[in-house]
Amino acid sequence: MLKVGIDIGGTKIAGGVVDQDGRIVEKLRVDTPVDTRELSDAVIDMARHFRAGHEIAAVGVAAAGFIDRDRATVIHAPNIAWRNEPLKAILEDGIDVPVTIDNDANAAGWAEFRFGAGRDVDNMVMLTMGTGVGGAIVLDGELFRGGHGIAAELGHMRFTRDGLPCGCGQNGCLEQYASGRALQREANTIADGGGIGSALAALREEKGSISGPAVSRLVLAGDPGATEALRRVATALGEACGGFQAVLDPELFVIGGGVAQLGEDLLGPVRLAYETSLPGYGDRPIAEFAIAQLVNDAGLIGAADLAVGGE
């Protein structure tokens, strides 16, 4: 049985035909239109293309934002002008197969649980370090959605009182301290201070800014300034994971996103901060940490697997 998964991002729409074992049979990628009507049309056109070449049972769509419990309406999206958008109905009118809408972080987390780093556990938390921090929670083998369908916004846990302003309207959210954007901010701060920040400062002088991938390259090269920037961000994430452990008690934390490509350079300081923040550490079981395995395909694979219809 084949399903279509479509992952709507701020700059691109990635879609694929996915089998029941999470394998991608065919994949497409197009730019994300700014206009919401054009965006819906682009998703419909992509799904129709896949239907023309495959027998498709259902379509799953992953999008950043608050998705209602019926997985039909986008209540609010931060980067697309959707407010109480009946996206399921709009897409089903154009595709003529069952459509399911899901939060993009939930979809990616579910893919890792089913087919990636979390496939051997029953309780897992995934944190994605991108522009912000996305979250997904799997408890006893089920994706946790909460009473209104919008649980697991882990990046918007208030991490610091009266902290940095966040795009959600609050201050001090975790994603302001543990994201790819936070890594860039810390790198700039260290560059301003001289000393170990000399390589970062030279990079900024040459390129005009310090990008996340550039910081990662310097970390892999052993640069002390970039390594310190990563340690600060990883420490924030690890401290937050200690709190998540106290509430959710997962067996595994899966870390995804661009920063996660640093592997053990990231996980080492994350584990240290987690252990020192964990209530009762030394007298209780602790979670494992792993890097996400499905990378950029996780959202579309998870969306397809979560799609309802055609069974």
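The values are calculated or read from the model by the stated rules, or taken from the named source; none is laboratory data. This is a predicted model, so every value here is computed, not measured. Using ideal geometry, Cβ is built from the backbone for each residue, glycine included, and neighbour counts are taken over all protein chains shown. The area values use the complete protein model at the heavy-atom level, side chains included, leaving out ligands, DNA and RNA. Shrake-Rupley method; radii C 1.70, N 1.55, O 1.52, S 1.80 Å.
Things to note:
- Scan of segment 153-172 for residues that are more than 27 Å from ASP70 (Cβ to Cβ) and open to solvent by less than 30 Å² (accessible area, probe 1.4 Å), ordered by number: GLY163, CYS166, GLY172
- In segment 173-185, residue farthest from ALA260 (Cα to Cα) [restricted to those that are open to solvent by 10 Å² or more (accessible area, probe 1.4 Å) and touching a residue at least 12 places away in the same chain (Cβ under 8 Å)]: GLN176
- Residue identified as surrounded by fewer than 20 Cβ atoms within 10 Å (Cβ to Cβ), touching an Asp or Glu at 6+ places or on another chain (Cβ under 9 Å) and not aromatic (Phe, Trp, Tyr) among PRO224, PRO279, PRO285: PRO285
- Residues of segment 295-306 include at least one that is under 25 Å from ASP104 (Cβ atoms), surrounded by fewer than 19 Cβ atoms within 10 Å (Cβ to Cβ), β-branched (Val, Ile, Thr) and modelled with pLDDT under 95.
- Segment 92-115 residues that are more than 20 Å from GLY134 (Cα to Cα) and touching a residue at least 12 places away in the same chain (Cβ under 8 Å), paired with ones that are part of a helix (DSSP H, G or I) and not hydrophobic (A, V, I, L, M, F, W, C) (beta carbon under 6 Å, 6 or more apart): VAL99/LYS88; VAL99/GLU92
- Any hit, segment 260-283, residues being assigned to a strand (DSSP E or B) and under 20 Å from GLY132 (Cβ atoms): no
- If you go through segment 122-148 and pick out every residue that is under 23 Å from ASP19 (Cβ atoms) and among the aliphatic types (A, V, I, L, M), you end up with 5.
- Criterion (surrounded by 20 or more Cβ atoms within 10 Å (Cβ to Cβ), modelled with pLDDT of 95 or more and among the small types (Gly, Ala, Ser)) met by exactly one of ALA89, ALA107: ALA107
- Meets criteria (part of a helix (DSSP H, G or I), free of Cβ contacts under 8 Å to residues at least 12 places away in the same chain and out of contact with any strand residue (DSSP E or B) (no Cβ under 7 Å at 6 or more places or on another chain)) for GLU205: yes
- Failed item in (1) in a loop (DSSP other than H, G, I, E, B); (2) touching a strand residue (DSSP E or B) at 6+ places or on another chain (Cβ under 7 Å); (3) farther than 23 Å from GLY5 by Cβ, with GLU175 passing the rest: (1)
- In segment 132-145, the residues that are farther than 17 Å from ASP102 by Cβ form Cβ pairs under 6 Å with partners that are surrounded by 24 or more Cβ atoms within 10 Å (Cβ to Cβ) and hydroxyl-bearing (Ser, Thr, Tyr), at six or more places apart or across chains, as follows: GLY132/SER179; VAL133/SER179.
- Sole exception among (1) at pLDDT 95 or above; (2) in contact with a Phe, Trp or Tyr (Cβ under 9 Å, 6 or more places away or on another chain); (3) open to solvent by 30 Å² or more (accessible area, probe 1.4 Å); (4) more than 20 Å from ALA236 (Cα to Cα) for ILE150, by number: (1)
- If you go through segment 16-35 and keep only what is out of contact with any Asp or Glu (no Cβ under 7 Å at 6 or more places or on another chain) and not hydrophobic (A, V, I, L, M, F, W, C), you end up with ASP19, GLN20, ASP21, ARG23, GLU26, LYS27, ARG29, ASP31, THR32, PRO33, ASP35.
- Candidate set from segment 64-83 (those that are closer than 21 Å to CYS166 by Cα, of a type in the set (Gly, Ala, Ser) and in contact with a strand residue (DSSP E or B) (Cβ under 8 Å, 6 or more places away or on another chain)); member that is most open to solvent (accessible area, probe 1.4 Å): ALA64
- Unmet requirement for GLU26, which otherwise passes all of (1) outside any helix (DSSP H, G or I); (2) closer than 30 Å to ARG271 by Cβ; (3) acidic (Asp, Glu): (2)
- Note on segment 186-221: residues that are surrounded by fewer than 18 Cβ atoms within 10 Å (Cβ to Cβ) and under 18 Å from VAL270 (Cβ atoms) total 1.
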